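Notes follow once the structure below has been shown.
Throughout, read-outs are computed from the coordinates displayed, never taken from laboratory work. Given the structure is predicted, the values throughout are model-derived calculations rather than measurements. Every residue, glycine as well, gets a Cβ built from its backbone with ideal geometry; the counts of neighbours run over all protein chains shown.
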Amino acid sequence: MRALVLVLMSAVLFAVPAQASIKIYPEGEAWLSLGPLFSTSFSPDAPGQGVGAEAALNWLQGPGGVGVFGQAQKMTRGSTRLCAGLQGLVLVGGLELGVARETASRAHIATTSLHVAPYLAFVFGTVGLRFGIPLSQERSIGLDGVERTRLPREVGLVLTAKLPIALSKNTVWGPIFPWN
């Protein structure tokens, strides 16, 4: 029994220093992610789907990182949605904070809103919720004499596919992807 305990203790003592040299988190790395973006808005006053693209540039340090993002989508409600802002990531959870601008449609005038989107990140994509909070509730009369409102508050589901591109040399995960 003592021999077994000594063997196990020796294995643990020799394994700990060996494990200390393994890097699983990036240290000061920059990554660019590009890919398509799909969304569905559940707003009862302005439902719709969107298809477009997203680009994100992140600086990773350990299990977290910060970055900037930009999105462009064509919405089925007859408008275009542009959004940009900052994002933060810890392990697989993240949060986007930004400003969105959706162009006018037949039912609504152009709307600027605060974009808040918590998400779960995977290597090749994200899934998240999007909250759009209009910065103004003004109304306007169009050229046809019909009064239009701004878009209401929005809650939506967002799915993205991503192609991660390492911008740093000697990255922790870079050798995994053949394009790096």
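Between LEU82 and VAL127, the simple label model (points 7 Å from Cα in the Cβ direction) yields a spacing of 3.2 nm. Counting Lys +1, Arg +1, Asp -1, Glu -1, what net charge surrounds PHE42 among other residues with beta carbon under 11 Å of its beta carbon? That works out to 0.
With a simple spin-label model that places each label point 7 Å from the Cα along the Cα-to-Cβ direction, the separation between LEU91 and LEU34 comes to 3.2 nm. Relative to the current alpha-carbon distance between GLN49 and ARG101, full extension at 0.36 nm per residue lengthens the span by 17.1 nm.
Rounded to the nearest 0.05, what FRET efficiency is calculated for PHE42 and ARG139 with R0 set to 22 Å and r the Cβ-Cβ distance? The calculated FRET efficiency here is 0.40.
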